[in-house]
Amino acid sequence: MISYGPLWKTLEEKGITQYQLINQYGVSTGTLDALRKNRSVTLNTIHDLCVILQCPIEKIVEIIL
């Protein structure tokens, strides 16, 4: 199972809100909805989040076996 739990922790640590992701960084509401529901997103989306948050992929997503 894919979990985006680390993303929400990273956002909190960096003081960035979901509202800012949408309005300042151009992340779509559909993408955020998919992330909230632990649905699949593209590697490009994960890459963009890593660039926005200036962090490694482990701070965005984890795989739970």
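Given that just one value was derived from the coordinates, which of (1) 17, 13, 11; (2) 19, 13, 10; (3) 15, 14, 11 is semi-axes √(5λ) of the Cα gyration tensor in Å?
The value matching this structure is (1).
Relative contact order of the chain, please, whole-number percent, based on alpha carbon pairs below 8 angstrom and at least 6 residues apart. Let's see the in-between values first.
Values: 55 pairs, mean separation 38.5, N = 65.
Normalised by residue count, the contact order of the chain is 59 percent.
Per residue, how much accessible area does the chain show when a 1.4 Å probe rolls over the protein heavy atoms, in square angstrom?
Result: 67 Å² per residue.
At a 1.4 Å probe radius, carbon and sulfur cover how many percent of the accessible area of the chain?
Values: 2380 of 4340 Å².
On the chain, the fraction of accessible area on carbon and sulfur atoms equals 55 percent.
Loop-only chymotrypsin sites (Phe, Trp or Tyr not before Pro) in the chain, please: DSSP not H, G, I, E or B, and at most 13 other Cβ atoms within 10 Å. Can you show the working numbers first?
Working: sites: 4, 8, 19, 25; in loops: 4, 25.
Answer in residue order: 25.
The values are calculated or read from the model by the stated rules, or taken from the named source; none is laboratory data. None of these values were measured; they are calculated from a predicted model. Virtual Cβ from ideal backbone geometry, glycine too; neighbours counted across all protein chains shown. We work out accessible area using only protein heavy atoms, side chains counted, and drop any ligands, DNA or RNA first. Shrake-Rupley method; radii C 1.70, N 1.55, O 1.52, S 1.80 Å.
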